[in-house]
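The values are calculated or read from the model by the stated rules, or taken from the named source; none is laboratory data. A quick note: this is a predicted structure, and the numbers were derived from the prediction, not measured. Don't worry about glycine lacking a Cβ; one is built from the backbone with ideal geometry, like all the others, and counts go over all protein chains shown.
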């Protein structure tokens, strides 16, 4: 079963606006990652936040993590048409040699020019 | 580096046929993952390897699916016999754990499988 659930399932905004996507999960994690997938392509890693971190920035991306609420958000500022893609959160659990990412169902972001 | 390489990119086969998907991970990576993506079930982890050894195959749907990693630079996912419900995009991903400093997974372009 999927660990992370994204909200909203679909989001449509105008170029230049900010886009916020949310992710909720159920169990304890070591890290939470966000990936992007363009239509017909593989997933591309965007950013990772560890369970002891609360906020992280990378360029126009800002990720927050609230482990008490088991939730994360991804903010894309000053969106561009090229940001149109599906965005997935993935919860990471590591123990010994075990490494597992469980992906959510994704948010389809459309940025209108 | 060329990234994760998967072949074929597209495969159309008939029900009952054997299908073999191939993956070459990024050189130096010690983890290799196989995923399946469908509209109905999203992205599912099928199996993953660490240093060529299978660690967790609990996501493999049934005995018709098997995966091998004979060496650090090659892995196969085999479906025998294939069924229409196996139609999906199959992704291979690799990562280098590096004592926890990097847990990013690098995905290949995927193999789009259609079983008629």
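Structure summary
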{"item": "Hits in segment B:61-80 - residues which are part of a loop (DSSP other than H, G, I, E, B) and either modelled with pLDDT under 95 or surrounded by 14 or more Cβ atoms within 10 Å (Cβ to Cβ) (or both)", "result": "B:61, B:62, B:63, B:64, B:72, B:73"}
{"item": "Test: residue in segment B:107-114 that is more than 12 Å from chain A (Cβ to nearest Cβ) and closer than 27 Å to residue A:9 by Cα", "result": "yes"}
{"item": "Unique match (being within 11 Å of chain B (Cβ to nearest Cβ), under 12 Å from residue A:23 (Cβ atoms) and modelled with pLDDT of 95 or more) among A:88, A:103", "result": "A:88"}
{"item": "Number of the condition not met by residue A:26 [criteria: (1) more than 14 Å from chain B (Cβ to nearest Cβ); (2) farther than 27 Å from residue B:32 by Cβ; (3) out of contact with any strand residue (DSSP E or B) (no Cβ under 8 Å at 6 or more places or on another chain)]", "result": "(2)"}
{"item": "Residue check for residue A:19: touching a helix residue (DSSP H, G or I) at 6+ places or on another chain (Cβ under 9 Å) and buried (at least 17 other Cβ atoms within 10 Å of the Cβ)", "result": "yes"}
{"item": "Flag if residue B:27 is surrounded by fewer than 19 Cβ atoms within 10 Å (Cβ to Cβ), in a loop (DSSP other than H, G, I, E, B) and either within 11 Å of another protein chain (Cβ to nearest Cβ) or in contact with a helix residue (DSSP H, G or I) (Cβ under 6 Å, 6 or more places away or on another chain) (or both)", "result": "no"}
{"item": "Residue that is nearest to the other protein chains (Cβ to nearest Cβ) [pool: residues in segment B:81-101 that are within 23 Å of residue B:27 (Cα to Cα) and loosely packed, with under 13 Cβ neighbours inside 10 Å]", "result": "B:100"}
